[in-house]
Amino acid sequence: MTRIVIVENFHAVKGKAPELAYRDYIGSAELSPEQAGDAIRAHWGIESMHWILDVSMREDACQIYRENAAEHLARLRHMAVNMLSAAPTKISVPMQQKRCMMKPAFLEQVLVAGLTSMGKILTTHADAPGLLEYFLATTLL
């Protein structure tokens, strides 16, 4: 490890005292401050997704190990989180899950938003037909 990045984080919430925190990161890549900031934000985006999968979908508690079942369930969980994230609402993932269970119209809204989002990603990629076939073959088997 040849690089140390120190991030100063100022956090202010209405009605509370502002907080100043420092975070240290180590690495070997030679990055500009902008590149380091992008890499750190990308890392925390991934951590956020894993937190949602663990807390909302109880991924760590899953005890299914038979053949490829755990991998298939993980893909389905990722799809569900992506669809919930694509929905045009600001409510939390657990609340969206509850609304999907109770209100078929909301479930339909989430599915349409998720599939539309996935369709946009697949159609903008050069190998979209191959990706779609791979996705269907590996997820549904």
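Just so it is clear, none of the values below were taken in a lab; they were calculated from the coordinates. These numbers come from a predicted model, not from an experiment. Counting neighbours? That spans all protein chains shown, and the Cβs are built from the backbone with ideal geometry, glycine included.
List, in order, the whole-Hz ³J(HN,Hα) value for each residue of the range 53-68 obtained from phi through the Karplus relation with A = 6.51, B = -1.76, C = 1.60 and θ = phi - 60°; use x for Gly and Pro. Result, rounded to whole Hz: 4, 6, 7, 7, 10, 6, 4, 5, 7, 5, 10, 9, 10, 5, 6, 9. Each peptide in 6-19, 40-53, 80-93, 102-115 receives the mean, over its residues, of other Cβ atoms within 10 Å, and ordering these scores from highest gives 80-93, 102-115, 40-53, 6-19.
Quick check: residue separation of His50 and Met95 times 0.36 nm, minus the Cα distance between them. What number comes out in nm? Before the final figure, lay out the partial values.
Numbers: separation 45, 0.36 × 45 = 16.20 nm, distance 1.75 nm.
Working it through step by step, the gained length comes to 14.4 nm.
Size descriptor for the range 29-80, Kirkwood hydrodynamic radius: 12.9 Å (Cα pairs only, one decimal). With R₀ fixed at 30 Å, the C-beta to C-beta distance from Leu20 to Cys62 puts the FRET efficiency at about 0.20.
Only alpha carbons enter this Debye calculation for the range 24-112, each as an equal point scatterer, and the log10 of I(q)/I(0) it gives at q = 0.12, 0.20 Å⁻¹ is -0.52, -0.98. One quarter of the convex hull surface built on the alpha carbon atoms of the range 55-107 amounts to 4.1 nm², the projected area averaged over directions.
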